[in-house]
1. Of all residues in the stretch 191-214 being of a type in the set (D, E, K, R) and part of a helix (DSSP H, G or I), which is surrounded by the most Cβ atoms within 10 Å (Cβ to Cβ)?
2. Quick check, is Leu249 farther than 20 Å from Met28 by Cα and aliphatic (A, V, I, L, M)?
3. Return the residues of the stretch 237-260 that are more than 16 Å from Val79 (Cβ to Cβ) and part of a helix (DSSP H, G or I); say none if nothing qualifies.
4. Could we say that Lys223 is surrounded by 15 or more Cβ atoms within 10 Å (Cβ to Cβ), charged (D, E, K, R) and either out of contact with any strand residue (DSSP E or B) (no Cβ under 6 Å at 6 or more places or on another chain) or modelled with pLDDT of 95 or more (or both) here?
5. Quick one: which of Ile294, Ile274 is among the aliphatic types (A, V, I, L, M), over 22 Å from Val66 (Cα atoms) and not in a strand (DSSP E or B)?
6. For the stretch 173-183, how many residues meet the condition of being assigned to a helix (DSSP H, G or I) and buried (at least 23 other Cβ atoms within 10 Å of the Cβ)?
7. Do we have Asp217 as within 20 Å of Ser53 (Cβ to Cβ), part of a loop (DSSP other than H, G, I, E, B) and out of contact with any Phe, Trp or Tyr (no Cβ under 7 Å at 6 or more places or on another chain) here?
8. Applying the selection to the stretch 227-236, what residues are touching a helix residue (DSSP H, G or I) at 6+ places or on another chain (Cβ under 7 Å) and over 12 Å from Val79 (Cα atoms)?
Amino acid sequence: MRVADISLDKLESVSDLISAFRAAGGFMARHLAEAYEILREALLDEETTVFMSFTANVVATGLRGVIRDMIRLGWVDVVITTCGSWDHDIARALGAYEEGSFGDDDRGLRRMGIHRLGNIRVPRDAYGPAIERYVRRVLEDIHRARGVKEVSTHELSWELGKGLGEDSFLHWAWRRRIPVIVPGPYDGAVGSQIWVYQQVNRDFKIDMWRDEQLLSDAVFEAKRAAAIIVGGGISKHHLLWWNQFREGLDYAVQITTAVEWDGSLSGARLDEAISWGKVREGARQVTVWADATIALPILAAALYREVGARKRGPRT
């Protein structure tokens with residue numbers, strides 16, 4: 001296939017841009033177009049179970065809205081993420097983050113009571129204290145008011161989302177009954193508050209085995225399985241790990257900026273997962289090396305025109 005130039009006067013939609021990327025033949029533009037084709041096929045197949053993983057940092061950005069809409073539209077059947085995603089979703093539902101700069105004076109920001117996450121400013125009062133107060137109320141309602149002594153992370157995700165507004169991805173996960181699983185639940189502000197609560201309420205437990213049972217059921221009951229992987233870390237690994245038990249994913253798209261030459265899981269291409277049996281040999285898969293805050297909105301906008309709201313069968 002010949003490399004074709006991108007003509008601006010032929011670009012009338014995001015779908016046109018994706019088509020132009022496919023024909024452009026070069027570098028990550030073509031990979032992004034391949035990702036679109038893979039996800040379009042997976043999302044239009046009602047018998048494909050779609051797993052999504054993402055890291056917490058993107059929830060601090062406007063990409064949170066794309067993730068929220070993907071959940072709202074039923075594109076995703078199971079979410080795997082981190083405690084930090086709980087944190088940022090709650091904090092932004094209750095307060096506001098501000099634009100900053102990678103070159104901000106961090107010492108000055110600390111004196112002002114502001115945390116920095118890349119080029120985003122996170123007011124201290126909108127983060128730790130606000131999250132802690134909210135989580136405390138949720139835990140007291142679960143444990144003391146209703147007498148529930150054990151809760152899984154996906155059930156806790158629903159409880160956390162229930163009281164948040166419609167801008168929250170946790171809220172839509174609760175509305176759509178889409179499980180949000182957090183395999184590292186103590187690694188953040190929500191987790192710290194759970195730990196504090198457990199110091200004086202020793203009978204209250206986080207039952208992660210129920211999360212693993214849900215993942216097991218989702219994996220083994222899936223006729224076909226697809227993955228949307230944004231970033232790396234524990235979220236990516238947990239998604240891939242479970243899918244090896246069904247002899248691998250049938251579809252997989254990864255968006256990452258991590259490198260592979262240091263041997264990290266975050267930077268590993270999806271090809272590497274074939275050697276572990278986590279992705280099938282004949283799977284449709286692609287790794288897109290790009291900033292997810294740029295790549296995922298383009299992908300999702302193009303897919304929205306084709307897929308719309310997805311019909312979800314009894315997959316979880």
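1. Asp211
2. Yes, satisfied.
3. Of everything in the stretch 237-260, those that are more than 16 Å from Val79 (Cβ to Cβ) and part of a helix (DSSP H, G or I) turn out to be Gln244, Phe245, Arg246.
4. Judged against the criteria, Lys223 is not a match.
5. Just a single option satisfies the conditions, and that option is Ile274.
6. Of the residues in the stretch 173-183, 1 are assigned to a helix (DSSP H, G or I) and buried (at least 23 other Cβ atoms within 10 Å of the Cβ).
7. Judged against the criteria, Asp217 is not a match.
8. Gly231
The values are calculated or read from the model by the stated rules, or taken from the named source; none is laboratory data. None of these values were measured; they are calculated from a predicted model. Please note: Cβ atoms are built from the backbone with ideal geometry, for glycine as well, and neighbour counts cover all protein chains shown.
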